[in-house]
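Below: the structure, in structure tokens.
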Amino acid sequence: MTREDLAETLEEIALLLELKGENPFKIRAYRTGAETVRQYSGDIVSRAKEGDLKGIKGIGDALQQKLHELASTGKLEYYEKLKSDFPDSLFELFKIQGLGPKKVKAVYESLGVDSIAKLKEACESGKLAELSGFGKKTAEKILEAIEFREQNADRFRLGDVEVPVRQILDSLKGHPDCLRVEAAGSYRRAKETVHDIDFLVATGNPEDVIESFVSEPWVDKVIAKGATKASIYLDNGLQCDLRAVKNEEFACALAYFTGSKEHNVVMRGRANERGYTLNEYRLALKDGSKAEEPPVFETEQQLYEFLELDFVPPELRENTGEVEAAESGDLPRLIELENLRGTFHNHTVASDGQNTLREMADAAIDLGLQYLGIADHSKSSFQANGLDEKRLREQIQEIADLNAEFAENGDKFRIFAGNEVDILKDGTLDFDDDLLEELDYVVASVHNAMTLSEADMTERIIKAVSHPSVTMLGHLTGRLLLRREPYAVDVPAIIEACAETETVIELNCNPWRLDMDWRWWKYAVEKGVKCSINPDAHKTEHLDFLAVGARVARKGWLTRGDVINTMALGEMENFLGVKAIS
DNA sequence: GCCGTTTTCGGCCCGACTGTTTTCAGTCG
């Protein structure tokens, strides 16, 4: 029984109570309880086991008793009983955008709908639209949401696969017969979402390596297993494929399995022109070719060189001009994680973050950063406990005090006082100008009214970035990967406005967002717009998103010079126009 | 179901949007 098990059970109870139509405040109490369990700084599982939960705010008598029962026996009667009232499959309905507890309850009770498949049927047959409170448009919206889910259900966010990929790579590297190991495919190209992970190993003993690959404890199901390849599912549904090749084939195989398909087509074309064929194992002479016998490539670099190209970093291999640039020697020197000196757009407990200012600062220092920008939510973001004027001014003071302390201790580290200020529906900002000027920097973001027309949304954002106090634009399109489509907005027009107003655009590297999309950065750079790689961290661990951010920035062809948070502290103080702390 | 210098009941975070409705319920952030 882990902390997460306890929290999840409380959350499921909340969901079940919603289905029952229970008192919303009771439901909220269970949700709050789940959050409290997650965030409690101490061994909450042991305390629950021992029945020693008194005095934790948010966990009253009833929850104490339930957590104790759950932690000590592994079961909770109250929960089991609630659960038995509904089929398990009903829960998948909650994953459909626009369906909440009331609607789920209605379709279940009056139409017997208890799965997404049946829901789809009810929409198509017109039965759903006849229900009271439902209508034609609701049915259409639900069908759209089902389709969106069907298209995305088998995909995973790049930032969410990092841990399993590391785990599998480490395990393969630990195998005595593995000479070389890489994760290839769209993961290596840093696509924002991936369908599966392609692992490649060089080995003289493929059978053993494959056997060990399919026998790891994290394997949920073996889909296929042969002499040189195997496919498995992990517990979370992520498919992982392993290909085993000989050491002398590894370079060509790595290039082949990294792709993209389009990039490979161009590469094969170049080989062809020179009298060779290129496949997943090797470069070979074409029939009747008079070219010289090709060498065996030790590395991808050598393959590219042989085809008269500079080495193309994997992130760029999408056939969007990288081959031409590699031919003419014009590939940019891409940014690297190590270039980052600080970051902006991070939350604390003051709004909806989970760590304090000091904890966030300490985590940034541990990462070797020289500065950390805090940007909690502004007052209109009620749901995120946004700061009002008074609380924001208090935070500015708190930051000043902490900075003074860092300076006294001789630490070369600074917190920049900012705010993620809501862009209101009409494009004005959530605080008045005086307060905005007191901040070291401002991130302006859209959090509501996301269904404006493209023209209105574009005008709204352009108005916001035109405000002199706005330093950077947060998550430009508002997309949530695999969850919510971006809102309608004219991205190039926004980029042009940011160029004009010298507003930085954020590369929000929270795995859910990766927004602005990598496809637009080349255009932004062309227009002279700078990027800031921001994790949108809601707890200290989220600062690690910077690693994903650096990879996605590379995918957008960004160099060190294009990204402001590669600046050292002194340069950044100049850039923001704030005085250094003596 | 939780909380309390308001102390054992009464309030609990607020507003926008959408679609179904004739004044509001449900969902989302």
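Taking every DSSP beta bridge with both residues inside region A:151-300, roughly what % is antiparallel (nearest 5)?
75
Above 18 angstrom, tally the Cα pairs of region A:537-582 and express them as a % of all pairs, no decimals.
48
Give me Rg/Rg_expected for region A:179-275, where Rg uses Cα atoms only and Rg_expected = 2.2 N^0.38 Å with N residues.
This ratio for region A:179-275 stands at 1.16.
Taking Cα pairs under 8 Å and at least six residues apart, what relative contact order does chain A come out at, in percent?
Across chain A, relative contact order equals 9 percent.
Given the whole protein assembly as supplied and a 1.4 Å probe, what does the accessible area of A:F257 come to in Å², nearest 10?
That residue has around 40 Å² of solvent-accessible surface.
Could you tell me the ratio Rg/Rh of region A:499-582? Both radii from Cα atoms, Rh via Kirkwood.
0.99
Can you report the principal axis dimensions of region A:242-351 using only the alpha carbons, biggest first, rounded to whole angstrom?
Projected onto its principal axes, the Cα set of region A:242-351 covers 72, 34, 21 Å.
Leaving ligands, DNA and RNA out of it, rank A:D544, A:D536 by accessible area with a 1.4 Å probe, largest first.
Largest to smallest exposure gives the sequence A:D544, A:D536.
Which shape class, rounded, prolate or oblate, goes with region A:479-528 when its Cα gyration tensor gives a ≥ b ≥ c as root eigenvalues, a/c under 1.5 marks rounded, and past that a/b bigger than b/c marks prolate?
Prolate, because a/c is 1.5 or more and a/b exceeds b/c.
According to the Kirkwood expression over distinct Cα-Cα pairs, how big is the hydrodynamic radius of region A:144-183, in Å?
12.4
What accessible area, in Å² to the nearest ten, does a 1.4 Å probe give for A:H377?
A:H377 has an accessible surface of roughly 10 Å² with all protein chains in place.
Roughly what % antiparallel, to the nearest 5, for the DSSP beta bridges in region A:384-486?
Taking every DSSP beta bridge within region A:384-486, about 20 percent pair in antiparallel fashion.
Enter the mean projected area of the convex hull around the alpha-carbon atoms of region A:31-154, in nm², rounded to one decimal.
If you wrap the Cα atoms of region A:31-154 in a convex hull and average its projections, you get 9.8 nm².
Of A:W512, A:W518, A:W218, which has the most accessible area and how do the rest follow, probe 1.4 Å?
Solvent-accessible surface, decreasing: A:W512, A:W218, A:W518.
Where both partners of a DSSP beta bridge lie in chain A, what percent of those bridges are antiparallel, to the nearest 5?
Within chain A, antiparallel bridges account for around 45 percent of the total.
Suppose accessible area is computed on protein heavy atoms with a 1.4 Å probe; arrange A:T203, A:T73, A:T559 from highest to lowest.
From most accessible down to least: A:T73, A:T559, A:T203.
At 1.4 Å probe size, what's the solvent-accessible area of A:K225? Round to the nearest 10 Å².
A:K225 has an accessible surface of roughly 110 Å² with all protein chains in place.
Does anything in region A:380-408 have its amide N under 20 Å from the 7 Å Cα→Cβ label point of A:T501, and if so which residues?
Under 20 Å, as judged by backbone N against the label point of A:T501, lie A:380-381 of region A:380-408.
Whole-Hz Karplus ³J(HN,Hα) for region A:118-126, in order, using 6.51 cos²θ - 1.76 cosθ + 1.60 and θ = phi - 60°, x for Gly and Pro?
So the Karplus estimates, Gly and Pro as x, are 5, 4, 4, 4, 5, 5, 6, 7, x Hz.
Averaged over every viewing direction, what's the projected area of the C-alpha convex hull for region A:1-76? Give it in nm², one decimal, please.
Answer in nm², one decimal: 4.4.
List the trypsin sites (Lys or Arg not before Pro) within region A:230-288 that DSSP assigns to loop and that have no more than 14 neighbouring Cβ atoms inside 10 Å.
Sparse-neighbourhood loop trypsin sites (Lys or Arg not before Pro): A:K286.
Tell me, what is the FRET efficiency for A:S582 and A:S466 to the nearest 0.05, using R0 = 22 angstrom and their Cβ-Cβ distance as r?
That gives a FRET efficiency of 0.05.
Give the Rg (one decimal place) followed by the Dmax (whole number) of region A:436-522, computed from C-alpha coordinates and expressed in Å.
For region A:436-522, the Cα-based Rg and Dmax read 12.4, 38 Å.
May I ask for the percentage of alpha-carbon pairs in region A:317-474 that lie more than 25 Å from each other?
Tail of P(r) above 25 Å: 42 percent of Cα pairs.
What FRET efficiency, computed as 1/(1 + (r/R0)^6) with R0 = 45 Å and r the Cβ-Cβ distance, is obtained for A:K20 and A:R560, rounded to the nearest 0.05?
0.20
Hey, could you grab the Kirkwood Rh for chain A? Inverse mean 1/r over distinct alpha carbon pairs, Å, one decimal.
27.0
With the contact rule set at Cα under 8 Å and sequence spacing of 6 or more, what percent relative contact order holds for region A:47-132?
Dividing the mean separation by the residue count of region A:47-132 yields 17 percent.
Report the extension gain between A:T32 and A:E211 in nm, rounded to one decimal, defined as 0.36 nm multiplied by the number of residues separating them, less their alpha carbon distance.
Extra length from A:T32 to A:E211 when fully extended: 59.9 nm.
From the P(r) of region A:225-304, can you give the percent of Cα pairs sitting at distances over 18 Å?
The share of Cα pairs beyond 18 Å in region A:225-304 comes to 49 percent.
The values are calculated or read from the model by the stated rules, or taken from the named source; none is laboratory data. Please read these numbers as outputs of a predicted model, since none were measured by experiment. In this analysis, Cβ positions are derived from the backbone assuming ideal geometry, glycine residues included, and neighbour counts consider all displayed protein chains. The accessibility values were calculated without ligands, DNA or RNA, using every heavy atom of the protein model including side chains. Shrake-Rupley method; radii C 1.70, N 1.55, O 1.52, S 1.80 Å.
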